[in-house]
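The values are calculated or read from the model by the stated rules, or taken from the named source; none is laboratory data. Note that the coordinates shown come from a computational prediction; the quantities given were computed from them, not determined experimentally. Glycine gets a Cβ as well: all are built from the backbone with ideal geometry, and neighbour counts include every protein chain shown. When the accessible area is computed, the model is the full protein with side chains, heavy atoms only, and any ligands, DNA or RNA have been set aside. Shrake-Rupley method; radii C 1.70, N 1.55, O 1.52, S 1.80 Å.
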Amino acid sequence: MKSLADALRDAASTLAEAGVPSPKVDAELLAAHLMAESVGRVRALALIGAAAPDGYSELVAERSQRVPLQHITGVAYFRGLELAVGPGVFIPRPETETVAQLAITAAQGVPGARVADLGTGSGAIAGSIAQEVPDADVHAVELSDLALAWAERNLAPLGVTLIRGDYASALSGQNGTFDVVVSNPPYIPTDAVPRDPEVAEHDPEIALYGGSADGLRLPLAAAAAAARLLKPDGYFVMEHAEVQAEALMRILGADPSWTTVCTHQDLSERDRATSAIRTNVQ
């Protein structure tokens, strides 16, 4: 039987040859998942000569086909959350944690803040707000039935109100009652193809493409919904592609519904989000 140390080394080599961006880390995470241990414990067991777990090579082979790690393990980590994920739902990305933080900070400034997350996907942003701002009244909207099932699993324990709907009509009975609206809408231009196979082949198209050549149709629909839902002086923040920041700044800046339009960078110093404050103009 192959030792754990040898199996990890071979797995990292196999994943590197397949183009996986973080082969050593993924090799360790797959072993940790299979062994129900932490990565630190896996490393310790490898040092003392433990055997590789049964089925490890099969998981490595699956990952080498660029199946997302989170689809294999069934788990994605986002801020303080452990989210159930799988086929049919967008895998939350680290850069979105910056967007969540902006919404959390805004919600923390309003006692009992009412918050809407438009296009919640797995529920990453809505769940983070509910967890980190316990007195907030959080609502999450999702159109995809597949994503909705994952979101329900993730958000039910956190007390988030989950609604199936689209931006145009969602929560229409509650217009003008929200303090914060946040969205990570689809924003990839229609003709663009994501570079990574994990995204291009496994993330659902409904969560990726922005519905127009510039990718801005759905982000602008999210902004229009936010303008409808927010109270005067309410806060809106939305994720987007780096190349869309200038256009969104110009479009929202020219819209009388908004003031104090601002671009925000992610941890890689890329223009990742735009925020704005709702004016009194109806």
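Worth pointing out:
- The alpha carbons of the chain occupy a box of 71, 40, 33 Å along the principal axes, longest dimension given first.
- If both residues of a DSSP beta bridge must be in the chain, then about 45% of such bridges are antiparallel.
- The packing ranking of peptides 21-28, 167-174, highest mean first, is 21-28, 167-174, where packing means the average number of other beta carbon atoms within 10 angstrom of each residue.
- Annotation for Glu152 and Met35: the two label points, set 7 Å from Cα along the Cα-Cβ direction, are 3.7 nm apart.
- Rounded to the nearest Hz, the phi-derived 3J(HN,Hα) couplings of the stretch 72-77 under the Karplus curve 6.51 cos²θ - 1.76 cosθ + 1.60 (θ = phi - 60°) are 6, 7, x, 9, 10, 9, where x marks glycine and proline.
- Carbon/sulfur fraction of accessible area - the chain, other protein chains in place, 1.4 Å, %: 53
- Calculated FRET efficiency for the pair Thr263/Leu143, C-beta based, R₀ 30 Å, to 0.05: 0.65
- Per the Debye calculation on the stretch 214-265 with a single equal scatterer at every Cα and no solvent contribution, log₁₀ I(q)/I(0) for q = 0.15, 0.17, 0.18 Å⁻¹ amounts to -0.37, -0.48, -0.54.
- Against the chain, whose longest principal axis is taken from its Cα atoms, helix 96-108 shows a tilt of about 50°.
- Average projection, convex hull of the Cα set of the stretch 1-115: 8.8 square nanometres.
- Net charge dipole size for the chain [Lys, Arg +1 and Asp, Glu -1 on Cβ; Debye, nearest 20]: 360
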